[in-house]
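*Asks:* Structure below; questions to follow.
The values are calculated or read from the model by the stated rules, or taken from the named source; none is laboratory data. All values derive from a computational prediction rather than experimental measurement. We place every Cβ from the backbone using ideal geometry, glycine too, and count neighbours over all the protein chains shown.
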Amino acid sequence: MIEQKRHAPRRYFVDAQGRRVLIGLSSDETAEFEALDLSSIEGDVTPATSDIGQGLAGENEVRWLELYRKHEGAWRTWITQSRAEQPTAFKLY
C-alpha cells in the first residue's frame, strides 16, 4: 500500500541489482527511455535541419513516446490497484 496524502507515489521501483526501473518497463527500456529523454533535453540529437537529422530526431521521439505510453499505462493500472487496496476510513455520524 502507498501513502498518497503527503507524497506523490513513485513511478519506479528498485530492482534486485539496485537499479531504478520505471513501472511497466524493463531495466533496459528504462535506461533507453532515460537516455532518449536526456538527449532531447540537452539537445544531443542530430539537428533537424537536414533530412538525416529529421529522421533521427523523429525516430527518437517516436521511440520515447512508445516507452512513455507503455510506462504511463502500467503506472495508471498500478495506481488504480493501489488505491483500491487502501482501507476506507470508518466514520461514525
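*Asks:* Are there any pairs with C-beta distances below 8 angstrom linking a residue in segment 31-60 that is β-branched (V, I, T) and in a loop (DSSP other than H, G, I, E, B) to a residue that is surrounded by 13 or more Cβ atoms within 10 Å (Cβ to Cβ) and modelled with pLDDT of 75 or more, with the two at least 6 apart or on different chains, and if so which?
*Replies:* Pairs that qualify, where the first residue is β-branched (V, I, T) and in a loop (DSSP other than H, G, I, E, B) and the partner is surrounded by 13 or more Cβ atoms within 10 Å (Cβ to Cβ) and modelled with pLDDT of 75 or more, are V45/S39; V45/N60.
*Asks:* Being surrounded by 13 or more Cβ atoms within 10 Å (Cβ to Cβ) and farther than 20 Å from R10 by Cβ is the filter; apply it to segment 36-54 and report the residue that is modelled with the highest pLDDT.
*Replies:* Taking the candidates together, the pick is L36.
*Asks:* Let me ask another. So which of A57, A16, A74 is modelled with pLDDT under 90 and either surrounded by fewer than 12 Cβ atoms within 10 Å (Cβ to Cβ) or among the hydrophobic types (A, V, I, L, M, F, W, C) (or both)?
*Replies:* After applying the criteria, what remains is A57.
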